[in-house]
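> Take this structure, written in structure tokens, and hold onto it; I'll ask about it next.
The values are calculated or read from the model by the stated rules, or taken from the named source; none is laboratory data. Just so you know, these numbers come straight off a predicted model, no measurement behind them. Cβ placement follows ideal geometry from the backbone for every residue including glycine, while neighbour counts extend to all protein chains displayed.
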Amino acid sequence: MTATTTPAKRVPQEERTRVMRARLLEATVDLLVEKGFASTSTTSVSERAGVSRGAQLHHFPTKNDLVVAAVEHLTDVRGAELAAAAAGLPQGVRRTRAVLEMLGDHFTSPVFTAALELWVAARTDEALLAAVAPLEQRVGRETHRLTVECLGADESHPGTRELIQATLDLVRGLGLATTITDDTQRRARILDEWARVLDLQLTRTDA
């Protein structure tokens with residue numbers, strides 16, 4: 001009896017395209033972190049992703065096309081990272097400090113660094129700004145909502161919404177400082193003190 005060979009299962013074109021696009025977008029984010037926006041090129045992205053230039057140009061003909069897609073990718077990644085971190089927060093007296101630590105980690109992550117490169121580039125690029133601005137607004141709204149939920153804050157109480165906004169501005173600013181120098185110890189002291197402020201000032205819901 002002649003042995004038969006089972007043919008290798010063919011990966012659908014749609015799945016191959018999805019995987020290739022994901023590799024290109026992840027390579028774009030990596031290069032934004034490592035080299036910055038100005039030094040990130042479509043050629044360097046295709047090389048890092050291990051994708052042919054022809055295939056890369058077919059899906060993303062220009063650098064802005066590629067970076068705009070990376071912005072959308074970053075938005076999803078940032079949201080997923082925060083949601084996963086929020087699910088692991090402790091209960092009890094240390095929760096507020098843990099929430100601030102979660103936000104601090106978010107605003108010092110490689111994903112935030114890559115997003116920062118896009119913000120700076122978008123300041124003088126109208127096409128990029130048109131793509132970045134609405135997505136950043138979406139991220140901002142979701143981060144605010146998640147922070148309120150994690151802190152159990154009642155925004156119907158006067159001043160609570162402003163405290164949440166000040167909290168996000170604070171941790172974002174600390175994240176910006178960390179892109180220049182290691183600010184770990186100073187950041188920890190500031191977040192310790194701010195956690196005490198929030199515990200004293202926030203009106204909380206039963207949740």
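> Tally time: how many residues in region 101-154 are of a type in the set (D, E, K, R), more than 23 Å from ARG189 (Cβ to Cβ) and in a helix (DSSP H, G or I)?
Residues flagged as of a type in the set (D, E, K, R), more than 23 Å from ARG189 (Cβ to Cβ) and in a helix (DSSP H, G or I) within region 101-154 amount to 8.
> I'd like to check something: does region 125-140 contain any residue that is crowded, with 19+ Cβ neighbours inside 10 Å and touching an Asp or Glu at 6+ places or on another chain (Cβ under 7 Å)?
no
> Follow-up. Looking at (1) crowded, with 17+ Cβ neighbours inside 10 Å; (2) more than 30 Å from ALA195 (Cβ to Cβ); (3) β-branched (Val, Ile, Thr), which is the only condition THR43 fails?
(1)
> A follow-up question, please. Among the candidates ARG97, ARG123, which residue alone is of a type in the set (D, E, K, R), under 25 Å from ALA84 (Cβ atoms) and more than 16 Å from the chain's Cα centre (by Cα)?
ARG97
> Test LEU100 against the stated conditions and say whether it is touching a Ser or Thr at 6+ places or on another chain (Cβ under 9 Å) and closer than 30 Å to GLY36 by Cβ.
yes
> Pairs needed: first member in region 61-83, farther than 28 Å from LEU151 by Cβ and in contact (Cβ under 8 Å) with a residue 12 or more places away in the chain; second member anywhere, among the acidic types (Asp, Glu) and not in a helix (DSSP H, G or I); C-beta distance under 9 Å; at least 6 residues apart or different chains.
From residues that are farther than 28 Å from LEU151 by Cβ and in contact (Cβ under 8 Å) with a residue 12 or more places away in the chain, the pairs are ASN64/ASP125.
> For MET102, work out the one condition from (1) modelled with pLDDT of 90 or more; (2) of a type outside the set (Phe, Trp, Tyr); (3) over 26 Å from PRO134 (Cβ atoms) it doesn't fulfil.
(3)
> At pLDDT 90 or above, under 27 Å from LEU202 (Cα atoms), surrounded by fewer than 19 Cβ atoms within 10 Å (Cβ to Cβ) and under 14 Å from the mean Cα position of the chain (by Cα): does that describe GLU81?
Here the answer is no, as GLU81 does not meet what is asked.
> Look through LEU163, LEU198, LEU146, LEU168 and report the one residue that is more than 22 Å from ALA87 (Cα to Cα) and surrounded by 15 or more Cβ atoms within 10 Å (Cβ to Cβ).
Residue meeting the stated conditions: LEU163.
> In this structure, does THR62 turn out to be polar (S, T, N, Q) and exposed (fewer than 12 other Cβ atoms within 10 Å of the Cβ)?
yes
> Where the second residue is surrounded by 11 or more Cβ atoms within 10 Å (Cβ to Cβ) and among the hydroxyl-bearing types (Ser, Thr, Tyr) and the first is more than 20 Å from THR113 (Cα to Cα) and modelled with pLDDT of 90 or more and lies in region 177-194, which pairs have Cβ atoms under 9 Å and are six or more apart or on separate chains?
That search, which allows pairs on different chains as well, returns TRP194/THR96; TRP194/THR167.
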